[in-house]
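Participant: The following block contains the structure, expressed as C-alpha cells.
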Amino acid sequence: MIKLLGKIPNTVTLACSGGPDSMAALDFLMRGRKRVKVAHFDHGTEHGSQARKFVHEFCIDKSVPITMGTNIAKKNAGESWESFWRDQRYRFFNSIDGPIITVHHLNDVGEWWLFTSSRGNPRLLPYRNGEIIRPFLMTPKSEFESWCERFSVPYVTDPGNFDFKFARSRIRSNIMPEILKVNPGFLTVMRKKILAEFKRESEE
C-alpha cells in the first residue's frame, strides 16, 4: 500500500524520471484525480535521452502537461557526478512554480541515513525543502514496483542504479541487503523516525 505523509495539493507538479517509482506515483496521482503536471530533467547521458523520449511520449499520450529541462552545465573538477546531477536537477525543479513532488521513498531514507552515518552525521531526508515536498517517504520501494506490475504501468530502468562507481549504488546493492539481514526491522525504524520528525515539524 502506498502511504502518504501530509496532504498532496489538488494541483501539483511531479518530478518524473521515467523509473518505476515516479511512474507508479504518476499513475497513483492520476487515479486520485489530482491535476498533475510532470517535470522531467535530462541529465545528458545516454539513458537520459531514452528516458526523456519515454516520459515525453507517455505524457503526450495521457494528456499530462510536461515541462522538460536539459543539463547544459559542466561538472567542476573534484565534484562527484552524483552531487553534480543532483544540484542541476534541483536547480531545474526550483525554477518551476511549486509545489513539486519528488518520489523519494522509505528505501531512499534508509540509504541516505546509512550514507550520512558513514560520514559521521546521520540524517533523514526532510519532508519539505522549500517548494519541494516528499510525501512518499513512508512507502517502501517494493510498493511502487508492485503498483507498476498490478496496473501495467510502463517504465524505463536507469543502468546507473547498478553502477558501483556511485556510492548510493553500492549502498543499495551491497550494504542495504546486509543491514536487513542484521536487523530485518531497519526500515520500520526509519519509518518511525520519519513520522516522528514530520510530527515535530508540523507542531512548530
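Taken together, the values in this text are just the output of simple stated rules run on the coordinates, not laboratory data. In this text, all values refer to a predicted model and were calculated from it rather than measured experimentally. FYI the Cβ positions are ideal-geometry reconstructions off the backbone, even for glycines, and counts take in every protein chain you see.
Participant: From the phi angles alone, apply the Karplus equation (6.51, -1.76, 1.60; θ = phi - 60°) to region 85-93 and give each ³J(HN,Hα) in whole Hz, x where the residue is Gly or Pro.
Facilitator: 5, 4, 5, 5, 5, 6, 4, 5, 4
Participant: Using the charge dipole of the chain (Lys, Arg: +1 at Cβ; Asp, Glu: -1 at Cβ; taken about the Cα centre), state which of 102, 142, 4 has its Cα farthest towards the positive end.
Facilitator: The listed residue farthest towards the positive side: 4.
Participant: Taking amide H positions as placed in the peptide plane 1.01 Å from N, state which residues far from residue 42 in sequence (5 or more) or on other chains have amide H under 5 Å from it.
Facilitator: Amide H neighbours of residue 42, under 5 Å, 5+ apart: 69, 70, 71.
Participant: Normalising by the residue count of the chain, find the relative contact order in percent from Cα pairs under 8 Å and 6+ residues apart. Could you put the intermediate results ahead of the total?
Facilitator: Numbers: 275 pairs, mean separation 54.3, N = 204.
Relative contact order comes out at 27 percent.
Participant: Which of these, 121, 174, 94, has the largest mean-square fluctuation under a Gaussian network model of the chain (Cα springs below 10 Å)?
Facilitator: Residue with maximal mean-square fluctuation among 121, 174, 94: 121.
Participant: About the Cα centre of the chain, what is the dipole size in debye to 20, counting +1 per Lys and Arg Cβ and -1 per Asp and Glu Cβ, all else neutral?
Facilitator: Numbers: 31 positive and 23 negative charges, 77 e Å.
Result for the chain is approximately 360 debye, rounded to the nearest 20.
Participant: Follow-up. Just want the answer: with Cβ charges of +1 for Lys and Arg and -1 for Asp and Glu, which residue in 40, 188, 92 is farthest toward the dipole's positive end in the chain?
Facilitator: The residue sitting farthest along the positive end of the dipole is 188.
Participant: Quick check on my link table: of 37/165; 34/62; 7/181; 7/53; 37/192, which ones sit more than 24 Å apart, alpha carbon to alpha carbon?
Facilitator: Values: 37/165 33 Å; 34/62 14 Å; 7/181 34 Å; 7/53 31 Å; 37/192 31 Å.
The pairs that break the limit, which is 24 Å between Cα atoms, are 37/165; 7/181; 7/53; 37/192.
Participant: Determine the percent antiparallel among the DSSP beta bridges restricted to the chain, to the nearest 5. Spell out each step's value before the answer.
Facilitator: Numbers: 2 of 16 bridges.
DSSP beta bridges in the chain are roughly 10 percent antiparallel.
Participant: Students often get this wrong, so try it: which of (i) 8, 33, 40, 18, 1; (ii) 9, 37, 36, 16, 2; (iii) 9, 34, 33, 19, 5, 0 is P(r) over Cα pairs in 10 Å bins from 0, in percent as calculated from the structure shown?
Facilitator: So the calculated entry is the one marked (i).
Participant: Here's another thing I want to ask about it. Search the structure for amide H atoms under 5 Å from the amide H of residue 17, placed 1.01 Å from N in the peptide plane, and list their residues when 5 or more places away or on another chain.
Facilitator: 22
Participant: Moving on. For every helix of n ≥ 4 consecutive DSSP H residues, a contribution of -39,500 (n - 2.57) applies; sum these over the chain, divide by its total residues, and give [θ] at 222 nm rounded to the nearest 500 deg cm²/dmol.
Facilitator: Values: 8 runs with 95 residues, N = 204.
Taken over the chain, the calculation gives -14500 deg cm²/dmol.
Participant: Considering only DSSP states other than H, G, I, E and B, which trypsin sites (Lys or Arg not before Pro) in region 1-70 qualify as loop sites with at most 15 other Cβ atoms within 10 Å? List each step's numbers first, then the result.
Facilitator: Numbers: sites: 3, 7, 31, 33, 34, 35, 37, 52, 53, 62; in loops: 3, 7, 33, 34.
Within region 1-70, the qualifying trypsin sites (Lys or Arg not before Pro) (loop, at most 15 other Cβ atoms within 10 Å) are 3, 7, 33.
Participant: Whole-Hz ³J(HN,Hα) for each residue in region 3-13, computed from phi via Karplus 6.51 cos²θ - 1.76 cosθ + 1.60 with θ = phi - 60°, x for glycine and proline: what do you get?
Facilitator: Running phi through 6.51 cos²θ - 1.76 cosθ + 1.60 with θ = phi - 60° gives 9, 10, 9, x, 9, 8, x, 5, 10, 8, 9 Hz.
Participant: With a cap of 13 neighbouring Cβ atoms within 10 Å, and only residues DSSP puts in a loop, list the GluC sites (Glu not before Pro) found in region 39-130.
Facilitator: On the way: sites: 46, 57, 79, 82, 111; in loops: 79.
When the GluC sites (Glu not before Pro) of region 39-130 are filtered for loop state and at most 13 Cβ neighbours within 10 Å, 79 remain.
Participant: Still on this structure, I have one more. Which ³J(HN,Hα) values, rounded to whole Hz and listed in residue order, are derived for region 44-58 from phi using the Karplus coefficients 6.51, -1.76 and 1.60 in 6.51 cos²θ - 1.76 cosθ + 1.60 with θ = phi - 60°, glycine and proline given as x?
Facilitator: x, 8, 4, 5, x, 5, 5, 5, 4, 5, 4, 5, 4, 5, 4
Participant: At 7 Å along Cα-to-Cβ for each site, give me the label-to-label distance between residue 202 and residue 91 in nm.
Facilitator: Computed distance between label sites residue 202 and residue 91 equals 3.6 nm.
Participant: Something else: For the chain, with a Gaussian network of springs between Cα atoms less than 10 Å apart, report the residue from 19, 110, 185 with the top mean-square fluctuation.
Facilitator: Among 19, 110, 185, the largest GNM mean-square fluctuation belongs to 185.
Participant: Further question on the same structure: What trypsin sites (Lys or Arg not before Pro) does region 95-160 have in DSSP loop regions with at most 14 other beta carbons within 10 Å? Before the final figure, lay out the partial values.
Facilitator: On the way: sites: 119, 123, 128, 141, 150; in loops: 119, 123.
Here the trypsin sites (Lys or Arg not before Pro) that fit, given the DSSP loop and packing criteria, are 119, 123.
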